[in-house]
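Since the structure comes first, as structure tokens, the remarks are kept for the end.
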Amino acid sequence: MTGFTLFPKIKNAVEWMAGHSDAVIQFGWNVVAAIILLFVGKAISRLLSRGLEKLLLKRKVDITIVQFFTALVRYITLAFFVVAALGRVGIETSSIIAVIGAAGLAVGLALQGSLSNFAAGVLLVSLRPFRAGEVVQIGAMTGTVEKVHIFSTTLLTGDSKEVVIPNGKIIADNIINYSRHPFRRIDLVIGVGYQSRIADVKRVINQLIEKDSRIDRQRGVTVRLGELGASSLNFYVRVWVRNADYWDTYYDMLENIKEALDANHIDLPYPQMDIRVENVTAPAHPQLQLVD
């Protein structure tokens, strides 16, 4: 019965560990250190993401952007500590880093357009050239801003059409914001006949402006002859009104100016052509005979 061992593999393992106690202890400490690194990394990633979230919310950044960046910071921090923990237990990490870098490059190339729109969305949220509820013109499109997403912006046009514009296109185009300032200027061109007296036209229009309480006279009023047109004297009329009163005042002024000019016998020109015929002899026509 001598030399009989019930569990030879366990015995061999115990003997190996007894002969390599220093290496076993060192590996155990490395495993413990790796676990500690993972817990520390988790705590630090949570603290960084929460701190960034508070900072961005304090600056009134869009909640979608906040969530994306906080998640990005959290996962990048965790990935850094995971790689450090793997290196602590003796795993070669250079190949892992190379794989991660290659994967990131491939994803970046595949999502180039989306990343461009995302970066533009971050700029729009940070720079705030417009906000939800404001009326803007982006290129040839005009409408009210409904939502600013991380990849696109939604406009509602005046005829209730919903337009979705990629943020990358918005950043690359001109942005005209009609709602940012409280006052807006109305520009009108009023054409009258050449026989009209300039002083009379200015007097009639200025009287209408004086009667309209919506017009801010402190910002200046312009009623001047601005152009000698082909068939009319064109007067430039410029007044300032609040944004909310812009279109009502615009249409009211056009209607009131037309009626006031008619009441003062000031003609509004229309396209016409004068034809002068000289030295024309009527051609002879044969007499028509009626045949029964």
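Of MET253, MET141, the order by accessible heavy-atom surface (1.4 Å probe, DNA, RNA and ligands excluded), from most exposed downward, is MET141, MET253. Computed with a 1.4 Å probe on the full set of protein chains, the accessible area for LEU48 sits at about 90 Å². Taking packing as the residue-averaged number of other Cβ atoms within 10 angstrom, the listed peptides 163-171, 209-217 run from highest to lowest as 163-171, 209-217.
Which of rounded, prolate, oblate describes segment 135-289, given a ≥ b ≥ c as roots of the alpha-carbon gyration tensor eigenvalues and a/c under 1.5 marking rounded, otherwise prolate only if a/b is larger than b/c? It is oblate, given that a/c is not under 1.5 and a/b is not larger than b/c.
Cα-based values for segment 129-177, radius of gyration first and Dmax second, are 9.4, 26 Å.
The values are calculated or read from the model by the stated rules, or taken from the named source; none is laboratory data. What you are looking at is a predicted structure, and each value in this text was computed from that prediction instead of being measured. We place every Cβ from the backbone using ideal geometry, glycine too, and count neighbours over all the protein chains shown. Surface accessibility is based on the protein's heavy atoms, side chains included, excluding ligands, DNA and RNA. Shrake-Rupley method; radii C 1.70, N 1.55, O 1.52, S 1.80 Å.
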